[in-house]
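First comes the structure, then the notes that go with it.
What follows draws every value from the coordinates through simple rules; no lab data is involved. None of these values were measured; they are calculated from a predicted model. Cβ atoms come from the backbone with ideal geometry, glycine included; neighbour counts cover every protein chain shown.
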Amino acid sequence: PFQEAKRDVLAHFAKDYFSKLAEEAKGNVSEMARRAGMERAHVRTYLKRHNIDVKQYR
């Protein structure tokens, strides 16, 4: 169904986006938030949701 496909696409996009952002910001969550135009807490939520460990980018 459409909703499942949409959820999967968005999840894949978010994981790719935040992984690339972590790489560019060298794992600095504050810098990631600044670049994404988001609050730091929201970035942390996405990182946790998608199992992205910023330590590997430092």
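Summary of computed values
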| quantity | calculated |
| --- | --- |
| Flag if residue 9 is touching a helix residue (DSSP H, G or I) at 6+ places or on another chain (Cβ under 9 Å) and not polar (S, T, N, Q) | no |
| Residues (surrounded by 12 or more Cβ atoms within 10 Å (Cβ to Cβ) and assigned to a helix (DSSP H, G or I)) located in region 30-40 | 31, 32, 33, 34, 35, 36, 40 |
| Members of region 15-27 found to be in contact with a helix residue (DSSP H, G or I) (Cβ under 6 Å, 6 or more places away or on another chain), of a type outside the set (D, E, K, R) and on the phi < 0 side of the Ramachandran plot, listed by number | 18, 21, 22, 25 |
| Odd one out for residue 22, checked against (1) over 9 Å from the mean Cα position of the chain (by Cα); (2) assigned to a helix (DSSP H, G or I) | (1) |
| Selection count, region 41-58, where residues are assigned to a helix (DSSP H, G or I) and surrounded by 13 or more Cβ atoms within 10 Å (Cβ to Cβ) | 6 |
| Checking residue 30 against (1) polar (S, T, N, Q); (2) in contact (Cβ under 8 Å) with a residue 12 or more places away in the chain; (3) touching a helix residue (DSSP H, G or I) at 6+ places or on another chain (Cβ under 7 Å), the condition it does not meet | (2) |
